[in-house]
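The values are calculated or read from the model by the stated rules, or taken from the named source; none is laboratory data. Predicted, not measured: the structure shown is a model, and the values here were computed from it. Neighbour counts run over all protein chains shown; Cβ positions are idealised from the backbone, glycine included. Just so you know, the surface numbers come from the protein's heavy atoms only, side chains and all, with ligands and any DNA or RNA stripped out. Shrake-Rupley method; radii C 1.70, N 1.55, O 1.52, S 1.80 Å.
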Amino acid sequence: MVISKDVFAEFFAQTIAALIRSLTCLLSRNKYGIETVLLVGGFANCPVLQKAIQQQLFGRNPHTVKARVIRKTYGVRSSNNYDPDKHPPEKRNVLNGKLVVGNIFDTHIISNQIAEVGQKFAREIYYPVIDSQSTVTVEIYTADGKAQLFVTDRDPSYLGKLVVELHFFPEKSPKFKFPEGSSSI
């Protein structure tokens, strides 16, 4: 069965209209000093609801939304030097004569963290595993709750990938910056 976006939006029209009426009423009186509206729960993720609220209540002021609570933990798959204090021995491999661990869930942002509009987070610098690489594939993962140690753990889900072309500089190894630390992709 295929349902058009317009028909799908109609499924929620009455509920969304009632929510907007309630919010409009609260905000117009504003006897409670409301400065922030925070959408939470499963329905808060509904794009139809989000769009309706933005258009009806905040459409005239794009700076009204100041922050959001991050719903999931986000990270990338990386490799790093083997550390017996952090990594189980069965995860270690030998690459270019060094003990390394692959499939690490390298966390960039944690669920329930507040992210303000325009906020910058710690940046990571990643290096290719092999010096002759001309591209690097950055696999992005999400997880519910706290950060995971490995992307192969039970919880992480593959979100997508970025393919980054590397530019070589004679004085340096090929590298690229990615949203300080040092890990391999």
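Show the residue pairs meeting these rules: Cβ distance below 6 Å; 6+ apart or different chains; first residue within region 144-156 and under 15 Å from H87 (Cβ atoms); second residue of a type in the set (K, R).
As it stands, the answer is V151/R77, since those pairs meet every condition given.
Taking region 31-46 on its own, how many of its residues are surrounded by 10 or more Cβ atoms within 10 Å (Cβ to Cβ) and not small (G, A, S)? Let's see the steps before the verdict.
To start, the set of residues in region 31-46 that are surrounded by 10 or more Cβ atoms within 10 Å (Cβ to Cβ) comprises 34, 37, 39, 43-46.
This time we only want the ones that are not small (G, A, S), so: 34, 37, 39, 43, 45-46.
Of the residues in region 31-46, 6 are surrounded by 10 or more Cβ atoms within 10 Å (Cβ to Cβ) and not small (G, A, S).
Looking at region 119-131, which of the residues that are modelled with pLDDT of 75 or more, over 19 Å from N103 (Cα atoms) and of a type outside the set (S, T, N, Q) is least open to solvent (accessible area, probe 1.4 Å)?
The extreme case among them is F121.
Starting from region 1-22, take each residue that is more than 29 Å from I34 (Cβ to Cβ) and list its partners that are in a helix (DSSP H, G or I), counting only C-beta distances under 7 angstrom and pairs at least six apart or across chains.
none
Among the listed residues L159, L166, which satisfies the condition of being within 30 Å of V37 (Cβ to Cβ) and modelled with pLDDT of 75 or more? Let's see the steps before the verdict.
Values: L166 fails: within 30 Å of V37 (Cβ to Cβ).
After applying the criteria, what remains is L159.
If you check T137 against the conditions, is it of a type in the set (V, I, T), open to solvent by 40 Å² or more (accessible area, probe 1.4 Å), part of a loop (DSSP other than H, G, I, E, B) and in contact with a strand residue (DSSP E or B) (Cβ under 9 Å, 6 or more places away or on another chain)?
Details: of a type in the set (V, I, T): yes; open to solvent by 40 Å² or more (accessible area, probe 1.4 Å): yes; part of a loop (DSSP other than H, G, I, E, B): no; in contact with a strand residue (DSSP E or B) (Cβ under 9 Å, 6 or more places away or on another chain): yes.
For T137, the condition - of a type in the set (V, I, T), open to solvent by 40 Å² or more (accessible area, probe 1.4 Å), part of a loop (DSSP other than H, G, I, E, B) and in contact with a strand residue (DSSP E or B) (Cβ under 9 Å, 6 or more places away or on another chain) - is not met.
If we scan region 80-100, do we find a residue that is of a type in the set (A, V, I, L, M, F, W, C), in contact with a helix residue (DSSP H, G or I) (Cβ under 9 Å, 6 or more places away or on another chain) and surrounded by 11 or more Cβ atoms within 10 Å (Cβ to Cβ)?
Of the residues in region 80-100, the ones of a type in the set (A, V, I, L, M, F, W, C) are 94-95, 99-100.
Checking which are in contact with a helix residue (DSSP H, G or I) (Cβ under 9 Å, 6 or more places away or on another chain) leaves us with none.
No.
Which one of the conditions (1) open to solvent by less than 60 Å² (accessible area, probe 1.4 Å); (2) at pLDDT 80 or above; (3) part of a loop (DSSP other than H, G, I, E, B) does L23 fail to meet, given that it meets all the rest?
(3)
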